[in-house]
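Please treat every number below as a calculation from the coordinates, not as lab data. If you're wondering where the values come from, they're calculated on a predicted model, not measured in any experiment. Neighbour counts run over all protein chains shown; Cβ positions are idealised from the backbone, glycine included.
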Amino acid sequence: MLSNTKPNPYIEKMDHISTEMIRLLNKRNEEELPFKPTSAKFILLHTLFKKGRCMVNDLSTKTNLTSGATTLALNRLEKDGIVQRTRDSHDRRVVWVELSEHGSALVQQLLLRRQQAWEKMLQALSEQEQEIFIQLMEKIHDEMKRSNDSASFLD
């Protein structure tokens with residue numbers, strides 16, 4: 001529930017700007033990319049791209065998704081030919097997930113588009129401003145991690 005206190009103008013401005021930035025990025029991606037993953041699917045795909053073959057429970061932990069939500073996302077990605085699952089040859093209870101060739105190429109394309117988007121956004125800043133921007137992002141990220149470690153970030 002929102003409090004009855006006067007809204008913080010900085011928060012209102014940050015909320016507006018971040019929402020608009022996400023909208024613009026999504027619009028650009030919709031126009032240019034053949035595959036539009038949700039943020040959860042992107043994290044799953046990025047994890048598989050970086051780590052290679054993973055177990056489903058490892059992916060659940062990394063993405064902070066329930067095993068059920070992870071399985072649903074993987075079902076869709078497997079149906080689309082982006083990931084493939086195989087049972088472990090020594091322990092049939094273990095299911096391994098990895099990117100297909102198509103999936104790997106798709107993630108490479110997504111990561112390239114993401115890098116290009118960041119490069120374009122950062123062009124608006126001087127080198128010194130970019131350094132400050134990164135320091136501020138790291139500071140906010142560290143606070144979010146610290147808050148998550150001690151209690152729920154949004155509590």
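Let me check I've understood the local charge: for G103, count other residues with C-beta under 10 angstrom from its C-beta, Lys and Arg +1, Asp and Glu -1. What total comes out?
The answer is -4.
Give a residue-ordered list of calculated ³J(HN,Hα) values for region 50-65 (Karplus: 6.51 cos²θ - 1.76 cosθ + 1.60, θ = phi - 60°; whole Hz; x for Gly, Pro).
Values, residue by residue: 6, 9, x, 4, 9, 7, 4, 5, 5, 5, 4, 5, 4, 8, 6, 9 Hz.
Extension gain T71-E138, at 0.36 nm per residue separation less the Cα-Cα distance, in nm?
So the extension gain works out to 21.0 nm.
Taking R0 as 30 Å, what FRET efficiency do you get between A124 and R146 from their Cβ-Cβ distance, rounded to the nearest 0.05?
For A124 and R146, the calculated efficiency is 0.50.
Relative contact order of region 1-129, please, whole-number percent, based on alpha carbon pairs below 8 angstrom and at least 6 residues apart.
Reported as a whole number, the value is 20 percent.
Note the full-extension length gain between S39 and D58 as 0.36 nm times their separation in residues minus their Cα-Cα distance, in nm to one decimal.
Net length gain for the segment: 5.1 nm.
Please list, ordered by chain and number, the residues whose modelled amide H lies under 5 Å from the amide H of W96; skip anything fewer than 5 residues away on the same chain.
T86, R87, D88
Find which of T47, H141, V95 sits farthest along the positive direction of the dipole of the chain, computed with +1 on the beta-carbon of Lys and Arg, -1 on that of Asp and Glu, about the Cα centre.
Projecting each Cα onto the dipole axis, the largest value belongs to V95.
Rounded to the nearest 500, what is the 222 nm mean residue ellipticity of the chain from helices alone, with -39500 (n - 2.57) per DSSP H run of 4+ residues and division by all residues?
Calculated mean residue ellipticity at 222 nm is -22500 deg cm²/dmol.
Give me the extension gain from I22 to A105: residue separation times 0.36 nm, minus the current Cα-Cα distance, reported in nm with one decimal.
Length gained between I22 and A105: 27.5 nm.
Beyond 19 Å, what percent of the Cα pairs of region 68-143 remain?
61
Which value results for Rg/Rh of the chain when Rg is the Cα radius of gyration and Rh the Kirkwood radius based on the inverse mean 1/r?
1.03
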